Amino acid sequence: MQARFPLFSTPIDLAHHYWKLLLLPTDTVVDATCGNGKDSLFLARLIPEGILIALDVQQTALDKAYQYLAENLSSEQLTRIKLLLQSHASFPPLARVKLIVYNLGYLPGGNKEITTQTATTLSSLQAALTLLAPGGAVSLTCYPGHPEGKREEEALLEVVKTLPSAEWNICYHQWTNRSTSPSLLFIQKQFIQS
């Protein structure tokens with residue numbers, strides 16, 4: 001079946017395009033909101049010799065993600081993935097992370113009352129920016145179609161406006177003719193050549 005819009009139908013399609021351009025096979029990546037594991041699988045395939053850390057606050061999400069990953073990856077690839085039951089508000093000890101991915105909102109097919117929260121997402125973003133390797137990036141898919149998602153997106157946009165342009169390159173993609181459609185916020189740290 002041919003896509004209705006062959007370039008980018010969704011913010012996730014666009015995010016995946018950026019991730020492919022950015023990542024090398026040995027990179028370290030964090031999926032800060034792993035959910036059912038769809039993004040985790042996409043990332044794992046981009047970094048077959050790297051490390052993937054996947055976080056979620058719901059054990060059911062991690063269980064589904066593990067099952068999905070186990071069905072689609074080799075046992076050797078699975079050894080390079082760490083699934084952690086924890087909020088994205090804090091990260092395990094890491095250094096020189098190439099990409100940190102957020103797919104905000106609630107778990108698809110799960111309890112819609114459990115969503116990412118503005119306060120924890122903002123503190124997580126601040127921590128994420130300190131972990132990035134030169135040239136690394138943060139990818140945030142936002143869902144303003146529900147009240148907390150709208151607050152979250154608005155707060156994120158206000159915060160990133162304050163980041164110095166000499167150190168950070170930030171773009172925001174929104175489908176303007178689709179009311180309350182998801183959006184993509186992509187933040188890249190400058191690469192300093194030696």
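The values are calculated or read from the model by the stated rules, or taken from the named source; none is laboratory data. Here the structure is a predicted model, which means the values were calculated and not measured. As a convention, Cβ positions derive from the backbone with ideal geometry for all residues, glycine included, and neighbour counts pool all protein chains shown.
For the range 53-64, a residue qualifies if it is assigned to a strand (DSSP E or B) and surrounded by fewer than 23 Cβ atoms within 10 Å (Cβ to Cβ), and exactly one does: Ile53.
Return the total of residues in the range 3-29 being out of contact with any Phe, Trp or Tyr (no Cβ under 9 Å at 6 or more places or on another chain) and of a type in the set (Gly, Ala, Ser). Of the residues in the range 3-29, 2 are out of contact with any Phe, Trp or Tyr (no Cβ under 9 Å at 6 or more places or on another chain) and of a type in the set (Gly, Ala, Ser).
The set of residues in the range 181-194 that are surrounded by 12 or more Cβ atoms within 10 Å (Cβ to Cβ) and part of a loop (DSSP other than H, G, I, E, B) comprises Ser181, Pro182, Gln190. Do we find that Ala15 is out of contact with any Cys (no Cβ under 7 Å at 6 or more places or on another chain), assigned to a helix (DSSP H, G or I) and under 17 Å from Thr141 (Cβ atoms) in this structure? Considered against the rule, which asks whether it is out of contact with any Cys (no Cβ under 7 Å at 6 or more places or on another chain), assigned to a helix (DSSP H, G or I) and under 17 Å from Thr141 (Cβ atoms), Ala15 comes out as yes. Among what's in the range 81-91 and is closer than 11 Å to Ala32 by Cα and not hydrophobic (A, V, I, L, M, F, W, C), pick the residue that is nearest to the chain's Cα centre (by Cα). Step by step, filter the range 81-91, then rank; the result is His88. Do you know which of the residues in the range 115-157 that are small (Gly, Ala, Ser) and in contact with a strand residue (DSSP E or B) (Cβ under 7 Å, 6 or more places away or on another chain) is nearest to Pro93 (Cα to Cα)? Only one residue tops the list, namely Ala128. Taken over the range 153-179, the residue count meeting the criterion of being modelled with pLDDT under 95 and touching a helix residue (DSSP H, G or I) at 6+ places or on another chain (Cβ under 8 Å) is 2. Listed by position, the helices (runs of 4 or more DSSP H) contained in the range 65-173 that have at least 2 residues being touching a residue at least 40 places away in the same chain (Cβ under 8 Å) are 118-131, 147-160.
Could we say that Gly149 is more than 19 Å from Ser40 (Cα to Cα) and either at pLDDT 95 or above or in contact with a Cys (Cβ under 7 Å, 6 or more places away or on another chain) (or both) here? Criteria met by Gly149.
Take the range 148-166 and flag every residue that is farther than 17 Å from Gly105 by Cβ and surrounded by 11 or more Cβ atoms within 10 Å (Cβ to Cβ). Within the range 148-166, Val159, Val160, Leu163 meet the criteria.
Taken over the range 119-152, the criterion of being out of contact with any Leu (no Cβ under 8 Å at 6 or more places or on another chain), within 20 Å of Pro11 (Cα to Cα) and not basic (Lys, Arg) is satisfied by Pro144, Gly145, His146, Pro147, Glu148. What are the pairs, 6+ residues apart or on separate chains, where a residue within the range 178-194 that is of a type in the set (Val, Ile, Thr) has its Cβ under 7 Å from a residue that is modelled with pLDDT of 85 or more? The qualifying pairs are Thr180/Pro144; Thr180/Gly145; Ile187/Ala137; Ile187/Val138; Ile187/Val160; Ile187/Trp168; Ile187/Ile170; Ile192/Pro134. Exactly one residue among Gln77, Gln86 is surrounded by fewer than 21 Cβ atoms within 10 Å (Cβ to Cβ) and over 25 Å from Pro182 (Cβ atoms), and that residue is Gln77.
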